[in-house]
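Have a look at the structure below, then the notes.
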Amino acid sequence: MTALLFILSHLSNSFVLLIGVLPLILLICLANGIIIAPLQESGPLHNLGWTSIWRSAALATASACIEISIATIVIRLLPEKRRSAGQPTTTVEFLIAAVPVATPPVALALLWRLLLEAEGPLATLLQTLGLNLPPLLSTKPIFTTEEFSIFNWAYLTLLFVDAWIWTPLVIVSLLIAFRRIPQTIIDAAKIDGASERSLFWSIQIPLTLDWLAWIWLFRFVDTFRAHDVHWVLFKTLTDILPAPIDVYNRGVALRQYEDAAQLALASTLVSGIALAIVWATYRARNLSSS
C-alpha cells in the first residue's frame with residue numbers, strides 16, 4: 001500500500017509538471033527565440049504589444065470592481081434576514097446566477113450585438129421616442145476632451161455585457177459568504193446595539209474580505225484572458241484589441257511566433273502578479289488573526 005501511494009504521489013507530481021511547468025518553459029523558450037530564432041528577424045521583446053496587455057488589464061480590473069460593487073449594493077439592500085446564516089440558496093437565486101453563466105458567451109454577445117447595432121431594435125425604439133442611440137459598437141470617445149479620450153463607447157459596452165453575464169453569479173457567491181458568518185457573531189452585535197448599517201459595514205463586510213478577494217481574482221483572471229465576447233462584438237477592432245486576440249493575430253494570422261509567445265508570457269505574468277497579491281493579502285490576514 002505504501003509503495004502504491006509512493007507511485008501515485010510521483011505520478012501526480014509528474015502530471016503537475018506536465019500540465020503546469022513544461023508549457024511555461026516552452027513559452028519562455030519561444031519568447032526568447034530559443035526555438036524559432038533562425039526563422040525570424042525579431043528578437044526578444046521585439047515589437048511587443050504592451051498596449052493590448054494594458055487594455056486587457058484595465059478592462060479586467062474595472063469589470064471585477066464594478067461587479068463586486070454592484071453585488072455589495074444589492075446584498076446591502078436585502079433584508080438582514082435574507083443574508084444571515086442558515087438561509088439556504090433559493091431556486092430563484094440559483095437560476096438568476098446560473099442561466100447567464102450557463103449560456104454560451106458567444107450567444108449572449110451576439111444577442112447584445114444585434115440589440116446595439118445602429119439599425120437594431122433598441123435604436124429603432126429610441127428613434128420612436130425622439131432619442132438617438134450612442135455609437136456603442138465603435139471606439140468613438142465618450143468625452144470630447146483630450147484627457148478623457150481613452151474612455152470610448154466600446155469599452156463601456158464591454159463592461160456592461162461582462163457585468164450583465166457575471167454579476168448575478170458574483171451576487172450569489174457573496175451571499176453565500178455572508179451566510180457562512182456564524183450567527184452568534186451577528187446576535188452578539190445586535191445585543192450590543194449595532195444598527196443594520198454598522199452590522200453590514202463593520203462586521204459582515206470585514207469578515208468576508210477574504211472571499212471578496214478571491215471573487216475579485218477569479219473575475220479579473222477570467223476577464224483578462226477572455227476573448228469570445230470581445231470577438232463577437234468588435235472582431236479585430238484595433239483601438240480596443242485585447243491581449244488574447246493580439247496573441248492569436250500574431251501567432252496564427254501573422255505567424256510571428258516569437259512575438260506571440262512573448263505576449264502570452266507577459267499575460268501569464270500579469271495574472272500571476274494578481275494571484276500573488278491576493279494570496280499575500282490572504283496569508284497576512286490569516287496570520288494576523290491567528
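The values are calculated or read from the model by the stated rules, or taken from the named source; none is laboratory data. Source: prediction; values computed, not measured. Using ideal geometry, Cβ is built from the backbone for each residue, glycine included, and neighbour counts are taken over all protein chains shown.
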Would you mind stating whether I66 is under 25 Å from the mean Cα position of the chain (by Cα), at pLDDT 80 or above and surrounded by fewer than 12 Cβ atoms within 10 Å (Cβ to Cβ)? no
Flag if R283 is surrounded by 20 or more Cβ atoms within 10 Å (Cβ to Cβ), assigned to a helix (DSSP H, G or I) and either touching a helix residue (DSSP H, G or I) at 6+ places or on another chain (Cβ under 9 Å) or modelled with pLDDT under 80 (or both): no
Name the pairs whose Cβ atoms lie under 6 Å apart, with the first residue in segment 175-203 and touching a residue at least 40 places away in the same chain (Cβ under 8 Å) and of a type outside the set (V, I, T), the second surrounded by fewer than 16 Cβ atoms within 10 Å (Cβ to Cβ) and part of a helix (DSSP H, G or I), and 6 or more positions between them or separate chains? E196/E80; F200/R76
Within segment 100-121, take every residue that is without any contact (Cβ under 8 Å) to a residue 40 or more places away in the chain, within 27 Å of the chain's Cα centre (by Cα) and assigned to a helix (DSSP H, G or I) and give me the one that is nearest to D222 (Cα to Cα). A102
Segment 255-270 - residue that is out of contact with any Leu (no Cβ under 9 Å at 6 or more places or on another chain) and assigned to a helix (DSSP H, G or I) and, of those, surrounded by the most Cβ atoms within 10 Å (Cβ to Cβ): S267
Condition check: within 18 Å of the chain's Cα centre (by Cα), outside any loop (DSSP other than H, G, I, E, B) and at pLDDT below 90. Does D239 satisfy that? no
Test L77 against the stated conditions and say whether it is touching a residue at least 12 places away in the same chain (Cβ under 8 Å), out of contact with any Phe, Trp or Tyr (no Cβ under 9 Å at 6 or more places or on another chain) and either closer than 18 Å to I176 by Cα or surrounded by 14 or more Cβ atoms within 10 Å (Cβ to Cβ) (or both). no
Somewhere in segment 226-236, is a residue over 16 Å from R285 (Cα atoms), modelled with pLDDT of 90 or more and under 12 Å from the mean Cα position of the chain (by Cα)? no
Is it the case, given these coordinates, that V232 is within 27 Å of P168 (Cα to Cα) and touching a residue at least 12 places away in the same chain (Cβ under 8 Å)? yes
Could we say that L233 is in a helix (DSSP H, G or I) and touching a Lys or Arg at 6+ places or on another chain (Cβ under 6 Å) here? yes
If a residue must be over 17 Å from L269 (Cα atoms) and either part of a helix (DSSP H, G or I) or of a type in the set (K, R) (or both), how many such residues does segment 217-230 contain? 3
Among (1) without any contact (Cβ under 8 Å) to a residue 60 or more places away in the chain; (2) within 24 Å of Y155 (Cα to Cα); (3) assigned to a helix (DSSP H, G or I) - the single one V92 does not satisfy: (2)
Extreme residue, farthest from F160 (Cα to Cα), among residues of segment 50-63 that are over 9 Å from the mean Cα position of the chain (by Cα) and of a type in the set (S, T, Y): T51
Find all pairs meeting these conditions: Cβ atoms under 6 angstrom apart; at least six residues apart or on different chains; first residue within segment 143-159 and surrounded by 11 or more Cβ atoms within 10 Å (Cβ to Cβ); second residue modelled with pLDDT under 70 and not hydroxyl-bearing (S, T, Y). none
